[in-house]
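All of the numbers you see were taken from the coordinates with simple rules; none came from a lab. Keep in mind that this is a model prediction, so the values were computed, not measured. All Cβ positions, glycine included, derive from the backbone under ideal geometry; neighbour counts span all protein chains shown.
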Amino acid sequence: MDRALLLLSLWALTGVVSPQASGSCPERLLGEETRKMCPRSCKSDSDCGSKRQCLCDGQCGLSCVAPGRTCPWPLPLSDNSEARLLSPTHSFSALLEVRCKPGFALPNGLDVTVRRCQGDRQWSGDDPICTATQPPESTAATTCPLPEEVINTFTIHGDASVGTSIRYSCLSGADIVGSSENFCQDNQTWQFPHPICKKVFCQPPKEVEQGYVVAVQKSEYEVDFDIHYLCKKNFLMDGPQKITCLSTGDWSALPPHCRARCVIPAERSRVVIGGVKRWPFDVTDAMVPHGENVTFFCKHPRKQCSFTAAQTCFDGKLPTPACYLEPTWLQFKLFPHRLVSEIDACEPGDVE
């Protein structure tokens, strides 16, 4: 407590909070202040605006200050120190005490410092740094060393203190070669050599029909090795174009499939492909790719109108809807305007 009172007395003697009327405010220390910016200097309130007063602002001397300005509070938590307000509020001229926790001290050897809320909304002085009063040699002297290559290879369960055990698990998920447990002996050495992680490989993936593997053929592949796939002409890839060997020894995905095109199962009736009504013979090779939707026209069983039904091409197979009936050659040649794809569409209420 005596030390804190001494600090407060020294701080008061510097005129940090003295008003201009007392005449004890120090002159502005131009070029020497540790603050980034000082408010405008003044001699009386008339030198300042309506919202500011001419007050003593520490090393900045008499300055135009807004008394209602506040400084940051509460401060961020610290593992080595504690802060508390010595004033009712955290506005201009408020006092703040920062005290180091037991076992820590400031660079000047003291364990407490007092800061003041300045006109620039910052606490005076540098942020206090409390450091340990004695190096933690005792901790280092009671542990067994863990080489960097071990830390980068394994997850270590437990600590390396003398008289305790640790367990290893490979970061890659691979199996451990050697002892999975170790004991830190009194002489700060490990009871067993550190283990190693078994190297992981992926087996060659399955071949893809109607496709190619873009990779060097091997009996096994290293982790992070990529394999790319291509499909033969007129086949569409269904699945990933690239798979990667994972640290578990598995591939990141199953190989893709190369899907075949489908022949449009209609010759004498128009169909809708990609939103366009077309004759099948006007489509290249009269075929659509895998995954393409084809809409067929069906005749109403009791009325002279048509409705639509869609089917999807899947790997070379495109069945016609059950309602679709292929026009005969004579119907196509003699009565082309009466084909089901050319007549009027049924009203919404006509289709069940």
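Here are the numbers:
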item: Over 25 Å (Cα to Cα) - which of 303/333; 232/277; 277/303; 218/242; 232/317 fall in this group; result: 232/277
item: Sum of -39500 (n - 2.57) over DSSP H runs of 4+, divided by residues of the chain (222 nm, nearest 500); result: -2000 deg cm²/dmol
item: Cα gyration tensor category, rounded, prolate or oblate, for region 138-197 with a/c compared to 1.5; result: prolate
item: Net dipole in debye of region 207-342 [+1 Lys, Arg Cβ; -1 Asp, Glu Cβ; about Cα centre; nearest 20]; result: 1240
item: Proximal charge balance of residue 304 [Cβ under 10 Å; K/R count +1, D/E count -1]; result: +3
item: Spacing of the two label points (7 Å from each Cα toward its C-beta) at residue 213 and residue 69, in nm; result: 7.2
item: Backbone N within region 271-299 under 14 Å of label point (7 Å from residue 347 Cα along the Cβ vector); result: none
item: At R0 = 25 Å, FRET efficiency that the Cβ-Cβ distance of residue 51 and residue 85 yields, to 0.05; result: 0.55
item: Extension reserve of the residue 267-residue 286 stretch, reckoned as 0.36 nm per residue once the Cα distance is removed; result: 6.0 nm
item: Förster radius 22 Å - calculated FRET efficiency between residue 279 and residue 230 (Cβ-Cβ, nearest 0.05); result: 0.10
item: Spin-label model distance (nm) - residue 152 vs residue 186, 7 Å beyond Cα toward Cβ; result: 3.6
item: Answer label for percent of Cα pairs over 37 Å apart (calculated), chosen among (i) 15; (ii) 21; (iii) 65; result: (iii)
item: Cβ-derived FRET efficiency at R0 25 Å, residue 131 paired with residue 40, nearest 0.05; result: 0.05
item: Degrees, to the nearest 10: 2-13 long Cα axis against longest axis of the chain; result: 90
item: Which of 37, 287 has the fewest Cβ neighbours within 10 Å, and the rest in rising order; result: 37, 287
item: Relative contact order (%) - criterion: Cα under 8 Å, at least six apart; region: region 221-272; result: 34
item: Two-site label geometry, residue 334 and residue 203: point separation in nm, points 7 Å out along Cα→Cβ; result: 6.6
item: Relative contact order (%) - criterion: Cα under 8 Å, at least six apart; region: region 166-290; result: 18
item: For region 67-134, with +1 on Lys and Arg beta carbons and -1 on Asp and Glu, the positive-most of 73, 102, 128 along the dipole; result: 73
item: Alpha-carbon centroid distance for the pair region 146-164 / region 278-352, whole angstrom; result: 71
item: Relative contact order (percent, whole number), the chain, Cα cutoff 8 Å, 6+ residue spacing; result: 7
